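What follows is a short report on a single structure.
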Amino acid sequence: MRRPPFRSALQAATRPARLLLVAKTALAVGIAWFIARYMPGVTDEYPYYAPLGALVSMYPTLMGSVKSGLQTLLGLAAGIGLASIIVLTVGPTWWSIPIVVGLGVLLSGTGWFGVGREYVPMAALFVLIIGGQNADDYSLGYLTQMSVGVVVGLVVNLAIAPAPLTAEATASLRLFRERLATHLHDIGEAVSDSWPPEKEQWADDATSLAETARSLRFALVEADESRRGNPRAWGRRGETDDAHRQLEALERISQHIRDIADSLADTIWDRPAAIDLDLELPAPLTAACHAVAEVIALQDASTSEAHRIRGEATRAVRLLLETVDDRTIELRQSIGPGVLAAMHLRRILILSRPPADAPSDEVR
């Protein structure tokens, strides 16, 4: 059952990693505001930009903070540079301000500034409109105080280093594995249901598997990023290698499950690509789907219990293949969906084997 959107959003916002980011952001903003008021020269006239710098530099990962902070300062410098050209030449007028803002938007589209791209036209506009006759002092204060805030944010993020996101990514992998197993169980139940099956949710859910896999790949990329430069990840090199291997296998398994679902859905609802399913096949096909789903659900495929479950699945798929062969000979026609399902279930078993196992241990 899907969680209500509000509950899901609330849980995402109150995760421990997110709450830590909230606390660090508040701390960095407070420190930046305190320091900004004691900056020398004219820069102390623009203390409000230091908290802004701290805010934009706070990311869940250390490398993300460094990257966003530097990109923001680069965007600011570019925007201030554009505004300075106007100040030193024609000055801010009704026509020069729109031109420099347009140039800033054009420059921000080059991809050179990353998350700081929006600050190129913004900085140019602020310097010309807010700075006015004191554009030089304003530019200096703006850039200096933003730099102070960025440095404070980076120091706070390094001093209170965020935990690597590896555990969250691994937990998401476990949930994806359970979801794949549940989905294959649902297919098995649908095939053994009244014919044609009344339940259609299993066919609709198949289309969302690819989106889930994409989200997981993004989560693993974030986990890798969270470990870069993080003191809490030192000495734990290669920690996500196994997770990447698992995800690759689960993505391929999800493709096989989707193909099984599509071929059976074509047959069940008599779509243009439908091939009849012999009435002798639902029972062995259901048993094979349930048995293979138990293999997918295994969190540790190297135990003796896992070996037993895998052996039962191997026998169930072999029985399905024997039934398909027998009915093909008896009817003298291809048993399409049964052949396709058996082929995909065999591939799932191979993909689910422990890394140390040889292919010879699998279904023949």
Report the Cα-based extents of segment 75-153 along its three principal axes, largest first, to the nearest Å. 37, 28, 15
Using a 1.4 angstrom probe on the protein heavy atoms only, could you order 93, 182 from most to least accessible area? 182, 93
Ordering 84, 57 by accessible area with a probe of 1.4 Å, largest first, what comes out? 84, 57
Going from most exposed to least, what order do 86, 35 have by accessible area with a 1.4 Å probe? 35, 86
Counting only heavy atoms of protein chains, what accessible area per residue, in Å², does segment 77-135 have with a probe of 1.4 Å? 54 Å²
10 Å-binned pair-distance histogram of segment 1-50 (Cα, whole percent): 23, 28, 21, 17, 9, 2, 0
Could you grab the Rg to Rh ratio for segment 1-146? Cα atoms only, Kirkwood for Rh. 1.09
Quick check: convex hull over the Cα atoms of segment 64-119, volume per residue in Å³, rounded to an integer? 59 Å³
Compute the separation of the alpha-carbon centres of segment 20-35 and segment 69-129 and state it in Å as a whole number. 28 Å
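The values are calculated or read from the model by the stated rules, or taken from the named source; none is laboratory data. Treat the numbers as computed from the prediction; the structure is a model and nothing was measured. The area values use the complete protein model at the heavy-atom level, side chains included, leaving out ligands, DNA and RNA. Shrake-Rupley method; radii C 1.70, N 1.55, O 1.52, S 1.80 Å.
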